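If you scroll down you'll find the structure; I have some questions about it.
The values are calculated or read from the model by the stated rules, or taken from the named source; none is laboratory data. Given the structure is predicted, the values throughout are model-derived calculations rather than measurements. Here the Cβ positions follow ideal geometry from the backbone for every residue, glycine too, while neighbour counts run over all protein chains shown. Accessible surface areas use protein heavy atoms only, side chains included; no ligands, DNA or RNA. Shrake-Rupley method; radii C 1.70, N 1.55, O 1.52, S 1.80 Å.
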Amino acid sequence: MRIILVGYGVVGKGVTTILAERYKDKVNDYGFNPKIVAIADIDGAVINPKGLSPEKLEEIKKRGYPISADPDFGHPGMKALDVIASVEAEVVVEVTPVNIKNGEPALSHIITAFKTGKHVVTTNKGPLALAMPALTELAEYNNVYLRFSGTVGGGTPMLEFAKRCLAGDKILAIRGILNGTTNYILTEMPQTRVSFQEALTNAQKLGYAEREPSMDIDGFDTACKVVILANWIMNKKITLKDVDRTGIRDISLEALDEASKRGNTIKLIGSIDGDKASVKPTEISKDNPLCVSGVLNAITFSTEYAAEQTLIGRGAGGIETASAVLRDLLDIRHKLADRMLNDNSES
Ligand code: HSE
């Protein structure tokens with residue numbers, strides 16, 4: 001499987017690390033033989049149609065920016081869109097920074113990949129939050145797959161758990177702590193008696209916060225994840241504008257202390273219940289399985305037959321999120337193998 005990697009930040013580097021490990025293991029899962037044939041970043045690209053070796057990937061990582069300075073395969077100034085359109089590959093892995101204003105540049109990367117017959121794996125919430133119904137239709141129209149496990153729950157397989165493990169059951173409602181940064185802030189404030197601002201600065205140092213802090217603290221990041229869950233798991237055709245959203249800026253230490261006296265705490269909860277999709281600070285019991293601390297994420301699926309199922313795990317981090325990309329690549333590999341079997345049986 002030839003892969004074009006677009007974006008070389010913390011997740012992109014995690015993807016090259018994990019895939020280089022897979023080359024070495026020579027793991028042959030349904031013929032899964034990943035080869036990164038190009039990496040595109042803002043300065044240009046590195047391209048080797050035969051695949052960049054683990055040694056070359058390591059060299060690129062050590063040299064750092066600009067990646068296009070590579071003496072063997074560097075293409076300074078080459079645009080990601082041109083790389084996607086011109087390099088032969090089966091899959092584009094899109095891991096550029098999130099932009100919820102217009103979804104760019106990721107949105108154009110994804111559309112160009114589809115139009116040139118390439119499957120897409122993305123961890124980018126922007127295009128999905130703004131245009132998920134249209135993008136899934138476009139993928140179908142072009143007969144390609146779009147996968148996005150890493151957009152919700154980081155390395156924790158929240159989307160797959162609901163889609164596969166709860167298959168056949170009806171998911172009636174979803175509630176979750178879907179943002180590590182705000183959960184860290186709401187945990188730190190009462191525990192270490194720090195102000196909102198101090199807790200936010202610590203979260204940024206830990207590397208979980210988005211570039212633009214408003215994405216986390218005003219609930220946009222959680223709202224994007226709510227949109228993805230609603231579309232993918234509950235078949236609702238909604239976008240970011242349909243989510244009723246309140247962030248955690250106004251949550252004081254006093255409010256958290258008051259909640260604590262009642263055996264409760266305040267968490268930023270994203271939920272989908274009936275036609276309502278919302279993000280808001282909510283008082284919940286400390287005994288609720290959703291009540292996880294620090295940067296952890298947790299999600300509860302309320303189902304018709306299996307009652308409530310809660311999944312807890314790390315919702316962010318480069319290597320964790322890259323592990324979701326690997327799962328998606330394997331899923332596409334399995335789907336392609338099934339397609340080939342079907343085609344052969346029909347002919
Ligand atoms: N800023 C996000 C968080 C990153 O804190 O959870 C993962 O989406």
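How far apart, in nanometres, would the label points at Lys163 and Ser195 be if each is projected 7 angstrom from Cα along the Cα-to-Cβ direction?
4.4 nm
Which order do the peptides 154-162, 233-241 come out in when sorted by mean C-beta neighbours inside 10 angstrom, highest first?
My ranking of the peptides, most packed first, is 154-162, 233-241.
With the full set of protein chains in place, find how many percent of the accessible area of the chain is carbon and sulfur; take the probe as 1.4 Å.
So the carbon and sulfur contribution to the accessible surface is 51 percent.
In Å², what does the accessible area per residue of the chain work out to with a 1.4 Å probe?
45 Å²
While we're on this one: Around Glu308, which amide H atoms from residues at least 5 apart in sequence, or from another chain, sit under 5 Å from its own amide H, with H modelled in the peptide plane?
Thr303
Then there's this: Taking H as built 1.01 Å from N, whose amide H comes closer than 5 Å to the amide H of Val92, not counting residues under 5 places away?
Ile4, His119, Val120, Val121
In addition: Amide H of Thr246: which non-local residues (sequence gap of 5 or more, or other chain) have their own amide H closer than 5 Å, using H built in the peptide plane?
For Thr246, whose amide H was placed from the backbone, the distant partners under 5 Å are Val279, Lys280.
If packing is taken as the average number of other Cβ atoms within 10 Å across a peptide's residues, how do 96-105, 31-40 rank, most packed first?
Per-residue Cβ counts within 10 Å, averaged per peptide and sorted highest first, yield 31-40, 96-105.
If you don't mind, there's one more thing I want to ask. Compute the long axis of helix 125-141 from its Cα atoms, compare it with the longest principal axis of the Cα atoms of the chain, and write down the angle in degrees, 0 to 90, nearest 10.
For 125-141 against the chain, the angle is about 50 degrees.
Taking θ = phi - 60°, what integer Hz values does the Karplus form 6.51 cos²θ - 1.76 cosθ + 1.60 yield along the range 223-233, in sequence order, with x for Gly and Pro?
4, 4, 5, 4, 4, 5, 4, 4, 5, 7, 9
Rg to Rh for the chain: what is it, with Cα atoms only and Rh by Kirkwood?
Using only Cα positions, Rg/Rh for the chain is 0.99.
Let me ask something additional. When only alpha-carbon atoms are used, what values of Rg and Dmax, in angstrom, describe the range 158-313?
Just the Cα atoms of the range 158-313 yield Rg and Dmax of 15.3, 46 Å.
What does the charge add up to near Leu178, with Lys and Arg as +1, Asp and Glu as -1, over the other residues with Cβ less than 11 Å from its Cβ?
Taking every Cβ under 11 Å from that of Leu178, the sum is +2.
How large is ³J(HN,Hα) for each residue in the range 169-177, as worked out from phi by the Karplus curve 6.51 cos²θ - 1.76 cosθ + 1.60 (θ = phi - 60°), to whole Hz, x for Gly and Pro?
So the Karplus estimates, Gly and Pro as x, are 7, 10, 8, 8, 7, 10, 9, x, 9 Hz.
Over all distinct alpha-carbon pairs, what is the Kirkwood Rh of the range 1-76 in angstrom?
12.3 Å
How much net charge surrounds Tyr305 when only other residues with a Cβ under 15 Å from its Cβ are counted (Lys, Arg +1; Asp, Glu -1)?
-2
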